[in-house]
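Here the structure is laid out as structure tokens; the discussion comes afterwards.
Quick note: the coordinates plus some simple rules give every number you see, no bench work behind them. Only a predicted model underlies this, so the values are computations on that prediction, with no experimental measurement involved. FYI the Cβ positions are ideal-geometry reconstructions off the backbone, even for glycines, and counts take in every protein chain you see.
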Amino acid sequence: MYNYQHTVIYKLCKCMLMKKRCKIISSDKKNGIIHAKSKFRLFRPSFSIQIESKEIDNNQTKLSVDFIPKNTNKRSITIQETEETRFLEMVNHYL
């Protein structure tokens, strides 16, 4: 839960994805939904990324971030959790 407007969180998430060099597939500012995918990296799995920023009140926003690995194995699931945590830490840092 963030004490910021929905649009602020949405724009920040979009900027963070571009900073991580992800390709944005679709984005819906009104509903706060972003679909993206990570670019191919030789030694790291690729992810499909879904972000949703949902407005609770005028200045409260709930953010959900899902990094979904393209192929599932123990290593990719561990990296998935790490990537989600890093992304949320980046958002917190810039707020």
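What the table below lists for this structure:
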quantity	calculated
Which label in (1) 41, 21, 11; (2) 24, 13, 11; (3) 36, 19, 10 gives the computed semi-axes √(5λ) of the Cα gyration tensor in Å	(2)
Lys, Arg +1 and Asp, Glu -1 on Cβ, resulting dipole of region 6-94 about Cα centre, debye, nearest 20	580
Potential extension, Asn31-Arg44 segment - 0.36 nm per residue separation minus Cα distance	1.6 nm
Degrees between helix 74-94 axis and first principal axis of the chain (Cα, 0 to 90, nearest 10)	30
J(HN,Hα) series, region 13-28, from Karplus relation 6.51 cos²θ - 1.76 cosθ + 1.60, nearest Hz, glycine and proline x	4, 5, 5, 5, 5, 5, 5, 7, 6, 8, 9, 7, 7, 8, 8, 10
The chain: relative contact order in percent, alpha carbon pairs under 8 Å with at least 6 residues between	26
Helix-only CD estimate at 222 nm, as mean residue ellipticity for the chain, using -39500 (n - 2.57) per DSSP H run (n ≥ 4)	-12500 deg cm²/dmol
Listed residues Cys13, Phe40, Thr61: farthest to the positive end of the dipole of the chain (Cβ charges)	Phe40
Between region 1-30 and region 31-71, the Cα center-to-center distance that results, in Å	9
Residue order, fewest to most surrounding Cβ atoms within 10 angstrom, among Lys19, Lys54	Lys19, Lys54
